[in-house]
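First the structure, in the form of structure tokens, and then the observations on it.
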Amino acid sequence: MFNIRIGFGEQEVTLAILPTTQKYYLVIYFGGIIGAVRMDPDGELWEQVPDEDIIPGDLPLYQPDLEADRLDIVLCEDTVFHIGEEITAVLRES
């Protein structure tokens, strides 16, 4: 597991990334899974893994808390792209 930082709006958030044996990466925010990302079959672009294909294991799914002092992050195409870029950078360094 490793951490990455991405911009989200005008803020920056830290996400935990957990590689899996299913060839995707779980994206964890405040202890819960917000989704997963993987390279597309061509190995060129990062894509979001459909929720029904995610095997969460022992980790809970992220539950947004509108009253908490944190950003309510969602995985959209742009966010997936930035997460993927950060994962690629970490993998290059290791």
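Evaluate the following for residue 87: is it of a type outside the set (S, T, N, Q), in contact (Cβ under 8 Å) with a residue 60 or more places away in the chain and either within 21 Å of residue 10 (Cβ to Cβ) or in contact with a Gly (Cβ under 6 Å, 6 or more places away or on another chain) (or both)? No: the conditions fail for residue 87. Only a single item in (1) touching a residue at least 12 places away in the same chain (Cβ under 8 Å); (2) over 13 Å from the mean Cα position of the chain (by Cα); (3) farther than 16 Å from residue 33 by Cβ is not met by residue 60, and it is number (3).
Here, each number is a calculation from the coordinates, and none is a lab measurement. Source: prediction; values computed, not measured. Glycine gets a Cβ as well: all are built from the backbone with ideal geometry, and neighbour counts include every protein chain shown.
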